[in-house]
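Heads up, the thing below is written out as structure tokens.
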Amino acid sequence: MLTSGGDCQALNATMRGVAKGLYQLFEEVEIYGFLDGYKGLMYGNYKKMKESDFSGILSRGGTILGTSRQPFKLMRQPTEDGLDKVKAMKETYKKLKLDCLVVLGGNGSQKTANLLREEGLNVIGLPKTIDNDIWGTDHTFGFSSAVDIATRAIDEIHTTAASHHRIFVVEIMGHKVGWITLYAGIAGGADVILIPEIPYDINIVIKSLKKLRKKGKTFSVIAVAEGAISQELASLPKKERKLRLSQSQYPSVSHEIADQIQRAMGAEVRVAVPGHVQRGGAPSASDRILASRVGAKAAELISQESYGRLVVQLGEEVTSIPMEASAGKLKSISPNDNHITQARILGISFGDIR
């Protein structure tokens, strides 16, 4: 097993689920944990796990194996010391005479897992990411916990915003998709939710806030995804957009939005950034359940020698799909998603409709 990419709250819970399932289904089983993700597989850094290693970790955040980021686009390029990454990983797999490699990771990690499958290795993918953006599964483990933390951050901001009659911009994690921001924004009662999938017009955002002020509301909370983008920027070619972003005087889009609102309304505007807190700490009860079920399903697939599968949640069922069906695809939010439609009915603005 290995955990790759950014950490999240339910990695240990999922590994525990895999291990407990394997110990139940097989009379004898050897489990190796690769240290620091694919790097451990490349350099042969691993430890032979004991059953006791998986005890007491259901509620423990982070990953007991450590993790690292190994960009998929660089996977075919040698390391600085000349190591052929793919060849090295295959050699480690064969040296240990592994029956299967279990990869807990997000989009990039699963693309690499699928590459190893194409190279002839037996692989099972487990969808980890707080962003909930892996195609083919309703939910990823880590998402529920991140939403809970982001929601609590918005909750705490409400009281100080109300006390000082301020507008607060809360920046939520999510560069490419806005699932955490959408869920936490609705759960936290945000007045405005800005996500990457729906480019915003700052004038419409300001108009929405002014409308609330006229109705007597003395404070507002705006939930903004890291990757939120204005309609103006979204209309530019990709290269020009990247150039404009690199030249911005603001540390993030949230600070730019706050400055624009403050200048237009003359109101006090503050920015709050929960940051990496969103993927730290203990997993939520919901994530522990999902992680345990995902782990059990992985163990079942291994017992059936059904490899090359990504474990997914579809409705109430935890099942699996071919890895190649998901690899390289991003699950983004449709502007017509029910969550968006119903949030609009509640009066939440997404900065796109006057």
What residue among Ala113, Ala298, Ala88 shows peak mean-square fluctuation when the chain is described by a Gaussian network model with Cα springs under 10 Å?
-> Ala88
Cα-centred dipole magnitude for region 79-127, charges only on beta-carbon of K, R (+1) and D, E (-1), debye, nearest 20 = 160 debye
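Could I get the Rg over Rh figure for region 187-321? Both from C-alpha atoms, Rh via Kirkwood, rounded to two places. Working shown, then result.
On the way: Rg = 21.2 Å, Rh = 18.7 Å.
When Rh is taken as the Kirkwood radius, the ratio is 1.13.
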Residue by residue, what Karplus-based ³J(HN,Hα) values in Hz, rounded to whole numbers, does region 79-94 have, using 6.51, -1.76 and 1.60 with θ = phi - 60° and x for Gly and Pro?
-> 6, 4, 8, x, 6, 7, 4, 5, 4, 5, 5, 5, 5, 5, 4, 6
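Can you give me the relative contact order of region 27-178 as a percent, contacts being Cα pairs under 8 Å and 6 or more apart? Intermediate values should be presented prior to the final figure.
Numbers: 159 pairs, mean separation 21.7, N = 152.
Reported relative contact order: 14 percent.
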Cross-link reach from Lys215 to lysines, straight Cα distance under 20 Å and at least 8 residues apart if same chain, gives Lys207
So what J values fall out for region 5-10 if you push phi through Karplus, 6.51 cos²θ - 1.76 cosθ + 1.60 with θ = phi - 60°, rounded to Hz, Gly and Pro as x?
-> x, x, 7, 7, 6, 10
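Hey, with R₀ at 35 Å, roughly what FRET efficiency would Lys215 and Glu118 work out to, going by the Cβ-Cβ distance, to 0.05? Intermediate results must be reported in sequence, preceding the final value.
Working: r = 57 Å, r/R0 = 1.64.
The formula returns an efficiency of 0.05 here.
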Taking a crude spin-label model, label points 7 Å out from Cα along the C-beta direction, the Gln247 to Ala325 distance in nm is 4.6 nm
Give the long-range amide H neighbours of Leu310: residues separated by 5 or more places, or on another chain, with amide H under 5 Å away, using H modelled in the peptide plane at 1.01 Å from N.
-> Gly125, Ile321, Met323
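From the cross-link list Lys111/Lys331; Lys128/Lys329; Lys85/Lys331; Lys50/Lys111; Lys50/Lys97; Lys47/Lys97, which pairs have alpha carbons spaced over 22 Å apart? Intermediate values should be presented prior to the final figure.
Working: Lys111/Lys331 14 Å; Lys128/Lys329 14 Å; Lys85/Lys331 28 Å; Lys50/Lys111 29 Å; Lys50/Lys97 18 Å; Lys47/Lys97 15 Å.
Violating the 22 Å limit, Cα to Cα: Lys85/Lys331; Lys50/Lys111.
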Charges only on Cβ, +1 for Lys and Arg, -1 for Asp and Glu: so what's the dipole of the chain about the Cα centre, in debye to the nearest 20?
-> 840 debye
Quote the FRET efficiency, to the nearest 0.05, computed for Ser59 versus Ala234 with a Förster distance R0 of 45 Å and r equal to the Cβ-Cβ distance.
-> 0.65
Label point at Leu25 placed 7 Å out along Cα→Cβ; residues across region 85-123 whose backbone nitrogen lies under 16 Å = 99-104, 122-123
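By how many nm would the segment from His165 to Lys47 grow when fully extended, if each residue of separation counts as 0.36 nm and the alpha-carbon distance is taken off? Display every interim value, and only then the final one.
Details: separation 118, 0.36 × 118 = 42.48 nm, distance 5.50 nm.
Here the segment from His165 to Lys47 would lengthen by 37.0 nm.
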Picking from Glu226, Glu30, Glu171, which is most flexible by a Gaussian network model of the chain using Cα springs under 10 Å?
-> Glu30
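Coordinate-derived values only; no laboratory data. Fair warning: this is a prediction, and the values are worked out from it, not measured in the lab. Neighbour counts are summed over all protein chains in view; Cβ atoms, including those assigned to glycine, are modelled from backbone coordinates with ideal geometry.
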